[in-house]
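Colleague: Could you have a look at this structure, given as structure tokens, before my questions?
No lab work stands behind these numbers, since they all come straight from the coordinates. These numbers were taken from a predicted model, which means no experiment stands behind them. Cβ placement follows ideal geometry from the backbone for every residue including glycine, while neighbour counts extend to all protein chains displayed.
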Amino acid sequence: MTTDNQPQTAHVPGLLPDVPRQGGFGPVTDAPWYSKPYHHAAASWGAAQSVGTILVKQRELIRGTHSMFVMNHPTGYDCPGCAWPDDKKLTLDFCENGVKHVTWEMTPKRVKRDFFEQHTVTELAGWTDFDLENEGRLIEPMVYDEASDKYVPIGWDAAFALVGDALRGLKSPNEASFYTSGRLSNEATFLYQLMAREFGTNNLPDCSNMCHEASGRALQAAIGTGKGTCDLQDWEEADLLIVMGVNAASNAPRMLTALADATRRGAQVVHINPLVEAGATKTIVPHEMVDMALFKATSVSDLNMQVRPGGDLALMRGIAKVVFEAAEADPTVLDRAFLEASTADFDAYRDLVAATDWAEITAQAGLPEVEIRRVGEMYLRAERAIISWCLGVTQHEHGVDTVREITNLLLLRGNIGRPGAGPSPVRGHSNVQGNRTCGIDHRPPPWTDKLDEVCGIVSPREHGLDTVTTIEAMHAGTVKVFVGMGGNFVLAAPDTAYTAAGLRKTDLTVQVSTKLNRSHLVHGRTALILPCLGRTEKDEQVAGLQGVTVEDAMSMVHISRGKRRAASKDLKSEVAIIAGMAKATLPDSRTPWQSYVDDYDRIRDVMAKVLPGFEGFNELIKNPGGFRIPQPARERVFKTPSGKANFSLAPMPNVIPADDDVLILGTMRSHDQWNTTIYSANDRYRGIKNLRELIFLNEEDMRARGLTEGEFVDITATSRDGSQRTLRRFRALRYDLPVGAAAGYMPEMNALIGIADYSTQSDQPLMKNVVVRVTKSA
Ligand SMILES: Nc1nc2c(c(=O)[nH]1)N[C@H]1C(S)=C(S)[C@@H](COP(=O)(O)OP(=O)(O)OC[C@H]3O[C@@H](n4cnc5c(=O)[nH]c(N)nc54)[C@H](O)[C@@H]3O)O[C@H]1N2
Ligand SMILES: Nc1nc2c(c(=O)[nH]1)N[C@H]1C(S)=C(S)[C@@H](COP(=O)(O)OP(=O)(O)OC[C@H]3O[C@@H](n4cnc5c(=O)[nH]c(N)nc54)[C@H](O)[C@@H]3O)O[C@H]1N2
Ligand SMILES: [Mo]
């Protein structure tokens, strides 16, 4: 599709100069790498020690320890890490990775003017991504100076004027694209989308275009709201938890608490994942220091099902088949009353399942019938079942159909809208769900008319650009200004070289950030770095100290107040930065931007008028635990056109590669990273030290290629459009995953994912479905 897409023939300035290694790299280390199975329980003393090491490295031991006590506490700040809800019954609810995350933000190191004076952008491009972020916090606005190839200081007003001039100079508002990374607060989110829509564009790509777009679309179609229906209480009441495609021990560590509790009270836990992850076997509950000291591990699974990559839909259908077969002998296994009153297309789904034979199911799922029957029996025994999933399900071509098949299975036994049951996606960034609720969407939100009425603007009604289409538009020259509200777009997005080349074609890139990253080096003709306050810091405005709100993965909205002194007095809050850009861009705006900055209560007052469920917002957040956004499906009210929960009737996809020598590669996170931020080159629970440039392969696949443990291989991906991308000299390591499956780390491997490789159902890049061939390096 893209003729100028020649990723590995040209070097794109800003990426690492070594063309096949295009960035996303952890610390350089001479220490020997090793790989050996990890035998301890997840979140055990290894975790505590690692927290200690990170705290010591950041010279933050004392303040860091204090931080753990205010984090996720009603009077403190919300952990800027993952979106797992806070357990209000715990006085201490934090995890190793949350602590790493906050201490990384709280580092005393600062990137000062003289740093930028000493290093050209070209020189910095040769640094690893670890070294860039490790310079510490950004403390004043900087602008790129082409003559010296350096970033130089610029005042805030001049910076805003520069943004305003560039945006007002565009032929159309659609020549700008406004990216959001999922940690932006609800208040800042609302202002950001208001600015974009008042300006006249729906170009609001965000990181959820790469993570849970499929879940949102599927749940919207199935149950009328694009979110899960469960809360933590439900997790405590379920007697079966099916956890699909998530590495809980690393990415949602506080979920381990829920899983361990479930096992202790006799509930059953099933993990569905090509890899058996550490959190899927034994765990020590992250906050229970005594258990940690005594090494009291709890087993957290009854069954690990090593599904074929992309085979989850087939597996769900197999379980449904077991249910229908059982229903022939005992019709009560189906919730007939619910099915008749509240669902549509049940009969058609039953026929579809009957027409799918076992041979097809087992081949596609990559699992034997007996194993599928076993989990089917567990599902039949359970009174209350929750199915939870993350990126292993969504980042595939058939992500939407798979989430709908999950919902089909839940509907059969009425496992929705009652205690202890329902769909429960594990969201990523701490406020990614709130971003969507508060208007980050390239499609006009359902409350657009209300927004226009309350705010006195005329929002565009046509669809804007998402992540993939923004990248394409930068290449086509139709997006000329890119604003990154947090995040690290160039490394998070697929097809690193292609994305980088697109960014370099723009007139202006603006990055609102806390730390230096590659997106500052791969910039437009003009470029701004606008440094902002972090979640842990005090946000002082005219009306006094301000708090912001976030929504967790279970639709709870609560206030978060920073406790620490700002990293610099020159920092502005994200709210203030958005308002500053908006005022400079929209000089005739009737929106009281400054008044919003002075007192965030005023933003919440207007949000209360626009957003359903936010009525009385300022009052609701005074409740220590916050409030839950009404989720009609939770009460079995389905806001679909039919007024019913819809069964989907998707054909079963063929996920078996056509060629024998092809492997399906999933890109994932190590234990020691936060998306594009890499803390170390270790991946404790997978037993890896000092190595990230690796690919995990099944023993048989190693043998078939004549590979020995740790041998260098080249990995070549073939895109849908036929173009090929290669990473060289990655080490092949044996791992317990199915034949034909492979795994390795993002963002190093993003260079393999072609821009054409996104799901036609969700528009999500196929980050868990990269078609590769692996050969010995020359
Ligand atoms: N510490 C830490 N926490 C994080 C993050 C972080 O980077 N670091 N990132 C946050 C963000 S933004 C997000 S979205 C989440 C991501 O959380 P996860 O979804 O856990 O992220 P990944 O590391 O991509 O792991 C995906 C898992 O899916 C499995 N998988 C791959 N393919 C398949 C498949 O076909 N089927 C099934 N069933 N499983 C499959 C992989 O083996 C792996 O266990 O975590 C959030 N939390
Ligand atoms: N191959 C592959 N690629 C993937 C994925 C995958 O599984 N595989 N996962 C995708 C997913 S799920 C996601 S969510 C994206 C992540 O994409 P992003 O959200 O774009 O990336 P992050 O790495 O989380 O962003 C890190 C940067 O955020 C900035 N930052 C940190 N805190 C703050 C803050 O408080 N405010 C502001 N303004 N900036 C801050 C810092 O400068 C830091 O360098 O990556 C996607 N990319
Ligand atoms: Mo994410």
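Colleague: Counting only Cα, what are the radius of gyration and maximum Cα-Cα distance Dmax of the range 467-622, in Å?
Modeller: Over the range 467-622's Cα set, Rg and Dmax evaluate to 17.6, 48 Å.
Colleague: Using r as the Cβ-Cβ distance of D145 and N690, and R0 as 30 Å, what FRET efficiency do you calculate, to the nearest 0.05?
Modeller: Numbers: r = 38 Å, r/R0 = 1.26.
For R0 = 30 Å, the calculated efficiency reads 0.20.
Colleague: How many nm separate the modelled label positions at A337 and S642, each set 7 Å beyond the Cα in the direction of the Cβ?
Modeller: 2.2 nm
Colleague: Shifting gears a bit: Given the pairs K150/K572; K538/K569; K321/K644; K227/K639; K538/K572; K227/K768, which are separated by over 18 angstrom at their Cα positions?
Modeller: Values: K150/K572 23 Å; K538/K569 11 Å; K321/K644 23 Å; K227/K639 12 Å; K538/K572 11 Å; K227/K768 22 Å.
Checking Cα-Cα distances, K150/K572; K321/K644; K227/K768 exceed 18 Å.
Colleague: With a point put 7 Å past each Cα toward its Cβ, work out how far R373 is from A476 in nm, to one decimal.
Modeller: 5.3 nm
Colleague: Okay, moving on. In units of 2.2 N^0.38 Å, what is the alpha-carbon radius of gyration of the chain? Provide the component values of the computation, followed by the final result.
Modeller: Numbers: Rg = 24.9 Å, N = 778, 2.2 N^0.38 = 27.6 Å.
That ratio works out to 0.90.
Colleague: Mind giving me the FRET efficiency for A348 and A704? R0 is 56 Å, r the Cβ-Cβ distance, nearest 0.05 is fine. Could you put the intermediate results ahead of the total?
Modeller: Working: r = 42 Å, r/R0 = 0.76.
Computed FRET efficiency for A348 and A704: 0.85.
Colleague: Straight distance only, please: which aspartates and glutamates reach the Cα of K505 with their own Cα at less than 17 Å, same-chain residues fewer than 8 apart left out?
Modeller: D4, D145, E146, D149, E175, E472, D495
Colleague: Under 19 Å from a point 7 Å along the Cα-to-Cβ line of D165: which residues of the range 570-598 have their amide N that close?
Modeller: In the range 570-598, the label zone of D165 (backbone N under 19 Å from the point 7 Å along Cα→Cβ) covers 580-588.
Colleague: Counting alpha carbon pairs within less than 8 Å and at least 6 residues apart, what relative contact order, in whole percent, applies to the range 586-680? Working shown, then result.
Modeller: On the way: 37 pairs, mean separation 8.6, N = 95.
For the range 586-680, the relative contact order is 9 percent.
Colleague: Here is a further query. Post the alpha-carbon centroid distance, the range 668-742 to the range 420-443, in whole angstrom.
Modeller: 30 Å
Colleague: Loop only per DSSP, at most 12 neighbouring Cβ atoms within 10 Å: give me the trypsin sites (Lys or Arg not before Pro) in the range 143-197, ordered by residue number.
Modeller: On the way: sites: K150, R168, K171, R183, R197; in loops: K171, R183.
Loop-located and lightly packed - K171.
Colleague: Distance in nm between label sites at A158 and T122, each 7 Å beyond Cα in the beta-carbon direction?
Modeller: 2.4 nm
Colleague: What three numbers, in Å, describe the spread of the alpha carbons of the range 441-524 along their principal axes, ordered from the longest?
Modeller: Cα extents, longest axis first: 41, 30, 21 Å.
Colleague: Determine the relative contact order of the chain: mean sequence separation of Cα pairs under 8 Å and six or more apart, normalised by residue count, in whole percent.
Modeller: Working: 1766 pairs, mean separation 165.5, N = 778.
About 21 percent, as a whole number.
Colleague: Between K609 and A543, what length in nm is gained on full extension when 0.36 nm per residue of separation is reduced by their alpha carbon distance?
Modeller: Values: separation 66, 0.36 × 66 = 23.76 nm, distance 2.16 nm.
Full extension of this stretch gives 21.6 nm more.
Colleague: For a quick protection proxy, order the peptides 336-348, 720-732 by their average other-Cβ count within 10 Å, most packed first.
Modeller: Details: 336-348: 15.5, 720-732: 18.1.
The densest-packed peptide leads the list: 720-732, 336-348.
Colleague: Please report how far the C-alpha centroid of the range 602-642 lies from that of the range 455-497, rounded to the nearest whole angstrom.
Modeller: So the two Cα centres are separated by 28 Å.
Colleague: Please sort by residue number the trypsin sites (Lys or Arg not before Pro) in the range 439-490 whose DSSP state is loop and whose Cβ has at most 16 other Cβ atoms within 10 Å.
Modeller: On the way: sites: K450, R461, K480; in loops: R461, K480.
Loop-located and lightly packed - R461.
Colleague: Right, another one. Using a Förster radius of 22 Å, what is the FRET efficiency between K450 and S595 based on their Cβ-Cβ separation? Nearest 0.05, please. Don't skip to the end; give the middle numbers.
Modeller: Numbers: r = 20 Å, r/R0 = 0.93.
Computed FRET efficiency for K450 and S595: 0.60.
Colleague: Using per-residue counts of other Cβ atoms within 10 Å, averaged over each peptide, order 571-584, 262-275 from highest down.
Modeller: On the way: 571-584: 24.3, 262-275: 20.3.
Answer by packing, highest mean first, reads 571-584, 262-275.
Colleague: Something else: Quick check: from the Cα gyration tensor, does the range 116-254 come out rounded (a/c under 1.5), prolate or oblate?
Modeller: Numbers: a/c = 2.91, a/b = 1.59, b/c = 1.82.
In terms of gyration-tensor shape, oblate.
Colleague: While we're on this one: Taking Cα centroids, how far is the range 232-268 from the range 538-565 in Å?
Modeller: 28 Å
Colleague: For T716 and K505 in the same chain, what is the full-extension length gain: residue separation times 0.36 nm, less their Cα-Cα distance, in nm? Spell out each step's value before the answer.
Modeller: On the way: separation 211, 0.36 × 211 = 75.96 nm, distance 2.70 nm.
Length gained, T716 through K505: 73.3 nm.
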